[in-house]
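Chemist: Here it is, the structure, as structure tokens.
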Amino acid sequence: MDPQKPAGAKIKITKNGPYLISGGVSLGKEVIGTNDDGESIKWEPGPTYPAQAQYALCRCGHSSHKPFCDGTHAKVGFDGTETASRQPYLEQARVIRGPTMSLTDAESLCAFARFCDPHGKVWSLVNETDKPAAREHFVHQTCDCPSGRLVAWDNATGQPIEPKYEPSVRLIEDPAKNCSGPLAVRGGVQLVGADGFEYEVRNRMTLCRCGASKNKPFCDGTHVSIGFSDER
């Protein structure tokens, strides 16, 4: 299910320091849009940053020049040790098979964006994918999951249903929870650990930028409970 690696699109994790992004990966913001009930239903594009061949993004959450690194990680003694599983996604995920589609779910990757919740939640919708409306909601909600925790699969072809993305990094904003979220990395950007380990290339993943995740380098939703903000 890995997308083809775009040439040169890479994120290098530095030891207890920032993410070094190279290969001309675009940077911008996206906002979690909600309905009247406060449910996450769409991505709303935000401003983009001027194109750069390479740049360094804050990983400790304390930079005064967010989203960029200003060296504060060294002053605060940031511990950026990578603790997340390095197994491929499918080895981490459980499978729920529905009538026409299936769902894979790697719960440890959850970034708490909540696109899975509307219409009775995707774990119920997968069992109704023989119904056109339920199938449409199921595909939409799984594809909007920024972390790639959730993936929809076509039972007939055995192939995943994935949105098409160019290599990019998006800073998630979550006004419904009054906080800033993780880095949404899209389009098959290669992630390299501080020790040189190459993580599985995926179409969607979310990287911690509040500094408090217990599943580094990936987001675990802690930004919500601590009220992390780009403005502070």
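Values quoted throughout were computed directly from the atomic coordinates according to the rules given, and no laboratory measurement underlies them. The structure displayed is predicted, hence computed values, not measured ones. Methodologically, a virtual Cβ is constructed for each residue, glycine included, from the backbone with ideal geometry; neighbour enumeration extends over all protein chains shown.
Chemist: Once you've got the Cα coordinates, tell me which of Lys12/Lys121; Lys131/Lys216; Lys12/Lys214; Lys75/Lys121 are over 31 Å apart.
Modeler: Working: Lys12/Lys121 35 Å; Lys131/Lys216 38 Å; Lys12/Lys214 19 Å; Lys75/Lys121 43 Å.
Pairs exceeding the cut-off: Lys12/Lys121; Lys131/Lys216; Lys75/Lys121.
Chemist: Test of understanding: ordering His223, His119 by Cβ neighbours within 10 Å, fewest first, what list do you get?
Modeler: Listed from fewest to most nearby Cβ atoms, that is His119, His223.
Chemist: Let me ask another. Any idea what the relative contact order of the chain is, in percent, if you count C-alpha pairs under 8 Å spaced at least 6 apart? Please report the intermediate quantities before stating the final value.
Modeler: On the way: 552 pairs, mean separation 56.1, N = 232.
Computed over the chain, the figure is 24 percent.
Chemist: Set the Förster distance to 25 Å, then compute FRET efficiency between Asp70 and Asn178 from the Cβ-Cβ distance, nearest 0.05. Mind showing how you got there, number by number?
Modeler: Working: r = 24 Å, r/R0 = 0.97.
So the FRET efficiency works out to roughly 0.55.
Chemist: Relative to the Cα centre, what is the charge dipole magnitude of the chain, using +1 at the beta carbon of each Lys and Arg, -1 at the beta carbon of each Asp and Glu, and rounding to the nearest 20 debye? Show your work: numbers first, answer last.
Modeler: Details: 27 positive and 28 negative charges, 122 e Å.
Result for the chain is approximately 580 debye, rounded to the nearest 20.
Chemist: A further question on this structure: Under 14 Å Cα to Cα from Lys66, which aspartates and glutamates show up? Leave out anything in the same chain fewer than 8 places away.
Modeler: Answer for Lys66, where 14 Å is the Cα cut-off: Glu173, Asp230, Glu231, listed by chain and number.
Chemist: Additional query: What size of dipole, in debye to the nearest 20, comes out for segment 80-180 about its Cα centre when the only charges are +1 on Lys and Arg C-beta atoms and -1 on Asp and Glu C-beta atoms?
Modeler: So the dipole magnitude of segment 80-180 works out to roughly 120 debye.
Chemist: Please enumerate, by chain and number, the lysines with C-alpha under 19 Å from the C-alpha of Lys164, excluding those fewer than 8 residues away in the same chain.
Modeler: Lys164 reaches Lys5, Lys10, Lys29, Lys42.
Chemist: Moving to a separate point now. Over segment 94-161, what is the relative contact order in whole percent, taking alpha-carbon pairs under 8 Å and six or more residues apart?
Modeler: On the way: 112 pairs, mean separation 26.3, N = 68.
Relative contact order of segment 94-161: 39 percent.
Chemist: Then there's this: Run the helix sum for the chain: -39,500 (n - 2.57) per DSSP H stretch of 4+ residues, divided by residue count, reported at 222 nm to the nearest 500 deg cm²/dmol. The partial results should precede the final answer.
Modeler: On the way: 5 runs with 30 residues, N = 232.
Counting only the DSSP helices, I get -3000 deg cm²/dmol.
Chemist: Between 0 and 90 degrees, rounded to the nearest ten: what's the tilt of helix 132-143 against the longest Cα principal axis of the chain?
Modeler: Approximately 20 degrees, to the nearest ten.
Chemist: Next question, about the same structure. Pull out a ≥ b ≥ c, the square roots of the eigenvalues of the alpha-carbon gyration tensor of segment 109-232, then state rounded if a/c is under 1.5, prolate if not and a/b is larger than b/c, and oblate in the remaining case.
Modeler: Oblate.
Chemist: Using the charge dipole of the chain (Lys, Arg: +1 at Cβ; Asp, Glu: -1 at Cβ; taken about the Cα centre), state which of Phe228, Gly38, Ser64 has its Cα farthest towards the positive end.
Modeler: The one lying farthest along the dipole's positive direction is Ser64.
Chemist: Continuing with this model, one more query. Along the positive direction of the dipole of the chain (beta-carbon charges: Lys, Arg +1; Asp, Glu -1; about the Cα centre), which of Trp123, Ala176, Gln92 reaches farthest?
Modeler: Among Trp123, Ala176, Gln92, the one farthest towards the positive end of the dipole of the chain is Gln92.
Chemist: Can you report the principal axis dimensions of segment 94-161 using only the alpha carbons, biggest first, rounded to whole angstrom?
Modeler: Ordered largest first, segment 94-161 gives principal extents of 29, 23, 15 Å.
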